[in-house]
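Asks: I'd like to ask some things about the structure below.
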Amino acid sequence: MSEIHRLKTQIVSRFSLGGFQIRSEASTFLAQQLQPLDDAERKKWITNVANHVQGQCLNLPVIEKQHIELAIKEANNTGLDDTETIFRVISAFEVPSFVYCAEKKKFLPDTNKRSLLATPDGKSSYIRERYWLLWQKTSRHETFSQRTTPGMEAPGNRNKLSLRKVENILSTSKMNDVVLLGLLTQLTEGRYYLEDPTGSIPIDISTATYSPGLFCEGCFLLAYGKYRDGVLKVEEIGFPMPELATNSRAFFGTVNSWGGPSKTLLKYSRNLNDLEKANVEHSLVFLSDCWLDNPIVMEKLEQLLRGYDDFPPVAIVLMGPFARSIENVYTLKGHFIKLGEILSSCEKLKSQTDLVIVPSIDDPAAANILPRPPVPEALAGELKKRFPRTILTTNPCRLQYCTQQIVVCRADLVTKLCRNTIHFPKEGLLEEHFARTIINQNTLAPLTPIAFPTHWNYDAALSLYPLPDLIVIGDPCQGFHTTEQECTVMNVGSFPKSKYAFKVYYPSSRTVEDSQIPDEE
């Protein structure tokens, strides 16, 4: 028996133990790479490569040559642990949920069973948890914090404000210097209220001054004013206080609050941090409104993909809708097949780049509600066969590149916030107001469920607490990127409507590059 044949037998046996079937081409390739090593090193590398392949979360238990190539590349990137993967896509339905424990002053895992069919109290439950999340971080802010040594009064503490609850205000006939955190609602038409878990109170905002941001029904607001005759006369109105991610994570400890198989948060991984800094050329490419039924869009996509075949990024994220108009749902299947044919001819992309498919609410076949499931296998299955590194994921989804945490959401979120705001700011850039709104609200859905329907049991998938490193929005309005509280907020814009512009993110330097497919002369 030849040395290569003996090695192939060991490789096939090891992968079979993990429930995988390895192609002959793949096992031969791995055997050839291991042949120069001694027996002890061979066994170590076979196990290491098998673990990295398992970490790729393949849709089928069939190992191709490109899976082995990627696993060897990851294994060579210095000894990562089994759960330390360079790139991972996390489904919205796999994002862990936490609840705040006031007694322990920390977040604990939510052990309740979740499903799309929520119980009647599901709506009040998720809104209440949003409130307590914002309450705990706001009350810690220096504006309200009363931390002093017993018997001593810190300078300036006499001017500290007290954060009130509705029941405290309603227990008296009048109160000055009221600061209330509450949900902006219309319990009666044309009349605004602020609501918290203890009750609701009517507010008069006719003469209020607003801080920067887009204030909509469904947002949690901080209101300052005077309580008279059953009404809170608001003088100043703003958002809950923001908080840096490094401060927020202290209340979760090392538990994995982001998602994925690791028990601990990969944000703290020294191996991944070193790897992230070393690979300055690594990039993530984002496109939105990828109309595969439009010949010009498909032509531009082909131009982009073939261009990147010479310098493969870590991932290319394509956001829907994947058809401008759909009369017959199954016509989309043919368009995905054509996309797969283009990708199958890009050899370097096949071995080094993940293709992430994020649907919009306009794609088949799911309701207009977030989070929504991936594009069905019946439509995109052939794409995966032609390009095995295709990942069909949810909207929204989470990406983990080394220690970087990225949220991706394809929704007209900027547009909806502008349409539903009760006060449109006269100064400042739109992107700054938008970023401030979602950062301070710590959610992708700071709107009433009527304007922005969500699955109550999966509100954790929309959470932005602790803040990620990058938030990627796919809104058809003009693209932009800005930074708020050390978090980059980016709108990709519409690929066709922006003359084929897209965004490229470099995790090592945390920079965004505006790119565009040039017109052919």
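Asks: Here is a check on your reading of the model: is Gly199 surrounded by fewer than 17 Cβ atoms within 10 Å (Cβ to Cβ) and either in contact (Cβ under 8 Å) with a residue 60 or more places away in the chain or among the small types (Gly, Ala, Ser) (or both)? Let's see the steps before the verdict.
Replies: Working: surrounded by fewer than 17 Cβ atoms within 10 Å (Cβ to Cβ): yes; either in contact (Cβ under 8 Å) with a residue 60 or more places away in the chain or among the small types (Gly, Ala, Ser) (or both): yes.
Spelling it out, Gly199 is indeed surrounded by fewer than 17 Cβ atoms within 10 Å (Cβ to Cβ) and either in contact (Cβ under 8 Å) with a residue 60 or more places away in the chain or among the small types (Gly, Ala, Ser) (or both).
Asks: Something else now. Which residue out of Thr185, Thr207 is among the polar types (S, T, N, Q) and part of a strand (DSSP E or B)? Talk me through it step by step, then tell me what you get.
Replies: Details: Thr207 fails: part of a strand (DSSP E or B).
The match here is Thr185.
Asks: For the range 210-259, name all the residues that are small (Gly, Ala, Ser), within 34 Å of the chain's Cα centre (by Cα) and part of a strand (DSSP E or B). Spell out the reasoning first.
Replies: Looking only at the range 210-259, we keep the residues that are small (Gly, Ala, Ser), and these are 211, 213, 218, 223, 225, 230, 238, 245, 248, 250, 253, 257, 259.
Filter once more, keeping what is within 34 Å of the chain's Cα centre (by Cα): 211, 213, 218, 223, 238, 245, 248, 250, 253, 257, 259.
Result: Ala223, Gly238.
Asks: Check Val329, Val297 and return the single one that is open to solvent by 10 Å² or more (accessible area, probe 1.4 Å) and either more than 20 Å from the chain's Cα centre (by Cα) or not hydroxyl-bearing (Ser, Thr, Tyr) (or both). Show your work before the answer.
Replies: Values: Val297 fails: open to solvent by 10 Å² or more (accessible area, probe 1.4 Å).
From the options Val329, Val297, the qualifying one is Val329.
Asks: Which residues, counting only those in the range 184-199, are under 32 Å from the mean Cα position of the chain (by Cα) and either within 15 Å of Glu167 (Cβ to Cβ) or aromatic (Phe, Trp, Tyr) (or both)?
Replies: Tyr192, Tyr193, Leu194, Glu195, Asp196, Pro197, Thr198, listed by residue number.
Asks: Looking at the range 217-240, can you tell me whether even one residue there is in contact (Cβ under 8 Å) with a residue 40 or more places away in the chain, touching a Phe, Trp or Tyr at 6+ places or on another chain (Cβ under 9 Å), surrounded by 19 or more Cβ atoms within 10 Å (Cβ to Cβ) and acidic (Asp, Glu)?
Replies: So far as the range 217-240 goes, no, none of its residues is in contact (Cβ under 8 Å) with a residue 40 or more places away in the chain, touching a Phe, Trp or Tyr at 6+ places or on another chain (Cβ under 9 Å), surrounded by 19 or more Cβ atoms within 10 Å (Cβ to Cβ) and acidic (Asp, Glu).
Asks: Would you kindly identify the helices (runs of 4 or more DSSP H) lying entirely within the range 1-69 that contain at least 2 residues that are at pLDDT 90 or above?
Replies: Of the helices (runs of 4 or more DSSP H) lying wholly inside the range 1-69, those with at least 2 residues that are at pLDDT 90 or above span 3-17, 24-34.
Asks: For the structure I just gave you, tell me whether Gly493 is at pLDDT 95 or above and in contact with a Lys or Arg (Cβ under 6 Å, 6 or more places away or on another chain).
Replies: In short, no.
Asks: When the residues of the range 241-262 are narrowed to those that are surrounded by fewer than 16 Cβ atoms within 10 Å (Cβ to Cβ) and of a type outside the set (Val, Ile, Thr), which ends up modelled with the lowest pLDDT? If you could, list the steps in order and put the result at the bottom.
Replies: Going through the range 241-262, the residues surrounded by fewer than 16 Cβ atoms within 10 Å (Cβ to Cβ) turn out to be 244, 246-247, 250, 253-254, 261.
With the extra rule that they be of a type outside the set (Val, Ile, Thr), the set shrinks to 244, 247, 250, 253, 261.
Details: Leu244: 95, Asn247: 92, Ala250: 85, Gly253: 79, Pro261: 89.
In this case the residue turns out to be Gly253.
Asks: Does the range 469-484 hold any residues that are surrounded by fewer than 22 Cβ atoms within 10 Å (Cβ to Cβ) and not charged (D, E, K, R), and which are they?
Replies: Let us first name the residues in the range 469-484 that are surrounded by fewer than 22 Cβ atoms within 10 Å (Cβ to Cβ), namely 469, 476-478, 481-484.
Pro476, Cys477, Gln478, His481, Thr482, Thr483, listed by residue number.
Asks: Moving to a separate point now. Output yes when any residue across the range 264-285 is within 23 Å of Asn59 (Cβ to Cβ), assigned to a helix (DSSP H, G or I) and at pLDDT 95 or above, and no when none is.
Replies: Taking the range 264-285 as the starting set, the residues that turn out to be within 23 Å of Asn59 (Cβ to Cβ) are 266, 284-285.
Those still in the list that are assigned to a helix (DSSP H, G or I) too: 266.
With at pLDDT 95 or above added as a condition, the list becomes none.
No; the residues of the range 264-285 include none that is within 23 Å of Asn59 (Cβ to Cβ), assigned to a helix (DSSP H, G or I) and at pLDDT 95 or above.
Asks: As an exercise: evaluate Leu318 against (1) closer than 25 Å to Leu444 by Cα; (2) at pLDDT below 95; (3) touching a Leu at 6+ places or on another chain (Cβ under 9 Å) and give the number of the one condition it does not meet.
Replies: Failed condition: (2).
Asks: Tell me, which residue of the range 127-143 that is among the β-branched types (Val, Ile, Thr) and outside any loop (DSSP other than H, G, I, E, B) is surrounded by the fewest Cβ atoms within 10 Å (Cβ to Cβ)? Give the steps one after another, and end with the answer.
Replies: In the first step, residues of the range 127-143 are kept if they are among the β-branched types (Val, Ile, Thr); the result is 127, 138, 143.
Checking which are outside any loop (DSSP other than H, G, I, E, B) leaves us with 127, 138.
Values: Ile127: 18, Thr138: 21.
Restricting to residues being among the β-branched types (Val, Ile, Thr) and outside any loop (DSSP other than H, G, I, E, B), the top hit is Ile127.
One line per residue, one yes/no per condition, for (1) of a type in the set (A, V, I, L, M, F, W, C); (2) touching a Phe, Trp or Tyr at 6+ places or on another chain (Cβ under 6 Å); (3) more than 14 Å from Phe93 (Cα to Cα):
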{"residue": "Ile357", "(1), (2), (3)": "yes, no, yes"}
{"residue": "Asp362", "(1), (2), (3)": "no, no, yes"}
{"residue": "Ile369", "(1), (2), (3)": "yes, no, no"}
{"residue": "Lys384", "(1), (2), (3)": "no, no, yes"}
{"residue": "Thr394", "(1), (2), (3)": "no, no, no"}
{"residue": "Ala411", "(1), (2), (3)": "yes, no, yes"}
{"residue": "Val414", "(1), (2), (3)": "yes, yes, yes"}
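Asks: A follow-up question, please. Restricting attention to the range 485-510, which residues are assigned to a loop (DSSP other than H, G, I, E, B) and either open to solvent by 10 Å² or more (accessible area, probe 1.4 Å) or farther than 16 Å from Val408 by Cβ (or both)? First the steps, then the outcome.
Replies: So in the range 485-510, the residues assigned to a loop (DSSP other than H, G, I, E, B) come out as 485-486, 492-500, 507-510.
If the condition is that a residue be assigned to a loop (DSSP other than H, G, I, E, B) and either open to solvent by 10 Å² or more (accessible area, probe 1.4 Å) or farther than 16 Å from Val408 by Cβ (or both), then Gln485, Glu486, Pro496, Lys497, Ser498, Lys499, Tyr500, Ser508, Ser509, Arg510 are the ones that fit.
Asks: How many residues does the range 315-324 hold that are in a loop (DSSP other than H, G, I, E, B) and either without any contact (Cβ under 8 Å) to a residue 12 or more places away in the chain or under 17 Å from the mean Cα position of the chain (by Cα) (or both)? I'd like the intermediate steps shown before the answer.
Replies: Start the filter on the range 315-324 by keeping residues that are in a loop (DSSP other than H, G, I, E, B), which leaves 320-324.
When the remaining residues are screened for being either without any contact (Cβ under 8 Å) to a residue 12 or more places away in the chain or under 17 Å from the mean Cα position of the chain (by Cα) (or both), the result is 320.
Of the residues in the range 315-324, 1 are in a loop (DSSP other than H, G, I, E, B) and either without any contact (Cβ under 8 Å) to a residue 12 or more places away in the chain or under 17 Å from the mean Cα position of the chain (by Cα) (or both).
Asks: Right, another one. Within the range 480-505, which residues are touching a residue at least 24 places away in the same chain (Cβ under 8 Å), more than 20 Å from Ile439 (Cα to Cα) and in contact with a strand residue (DSSP E or B) (Cβ under 7 Å, 6 or more places away or on another chain)?
Replies: Phe495, Tyr500, Phe502, Lys503, Val504, listed by residue number.
The values are calculated or read from the model by the stated rules, or taken from the named source; none is laboratory data. Please read these numbers as outputs of a predicted model, since none were measured by experiment. Neighbour counts run over all protein chains shown; Cβ positions are idealised from the backbone, glycine included. Keep in mind that these areas ignore ligands, DNA and RNA; they rest on the heavy atoms of the full protein, side chains included. Shrake-Rupley method; radii C 1.70, N 1.55, O 1.52, S 1.80 Å.
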